[in-house]
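To start, the structure itself, in structure tokens.
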Amino acid sequence: MAAVSPLPRTRGGISGIMLILLGAWGAVVPFVGPYFGYANSPDTAWTYTTGRLWLSVLPGAAALLGGIMVLLAASRPAAMSGAMLAALGGAWFAVGSWTATVLGTGFRPGVPVAGPGSAFSAPVMRLLEGLGFFYGLGVVIVFFAALALGRFAVATVPAEGHAEPAPAEPVQPPA
């Protein structure tokens, strides 16, 4: 069995932190968003629905857990597993609400609520809520997960392990 080299602590740090923050945002925003006029129906704070569980809490928890795994991983396979888990959570944020609607499941994402006292018009608030709750959030999570996957996919080689290539012998023309 091949030895697994430890990962330098600089690998995946920013991606891991961003995945943790974005996952926490995605899991909590449906519950606290109504406090500041940023909500999908039902527009009351801390109201549990099956749609919120399947479309916000679970993918948010996947991204958060994946970010923790990326941040704390001691080996490349563990870090890549965390990044993959976060990418799946982000992909579910991006397509989960559409999938639930098309498949006719019993859970719905809710309707964006544009309150009368919001800073933007109703169509702009609906767009911002869709992006911040699902589609845009999912794309950003997938982006950071892909960055982490890319960082861990390339094997690190210590600089002192390489010798300078020998200069090429000059080619002598035939006599």
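Compared with the direct C-alpha span, the chain from ALA153 to TRP98 gains 16.7 nm at full extension, assuming 0.36 nm per residue. Using the Cβ-Cβ distance between VAL32 and ALA78 with R0 set to 25 Å, the FRET efficiency works out to roughly 0.20.
Note on PHE93, PHE152, PHE120: ascending count of other Cβ atoms within 10 Å places them as PHE120, PHE152, PHE93, the fewest first. Distances between placed amide hydrogens fall under 5 Å for VAL111 paired with SER41, all partners being 5 or more residues away or on another chain. Taking other Cβ atoms within 10 Å as a rough exposure proxy, PHE107, PHE133 sort from fewest to most as PHE107, PHE133. Taking one quarter of the surface of the C-alpha convex hull of region 11-89 gives a mean projected area of 5.1 nm². Fewest neighbouring Cβ atoms within 10 Å first, the residues TRP25, TRP98, TRP92 line up as TRP98, TRP25, TRP92.
Each reported figure results from applying straightforward, stated rules to the coordinates on display, with no laboratory input. Please read these numbers as outputs of a predicted model, since none were measured by experiment. Every residue, glycine among them, receives a Cβ derived from its backbone with ideal geometry; neighbour counts consider all protein chains shown.
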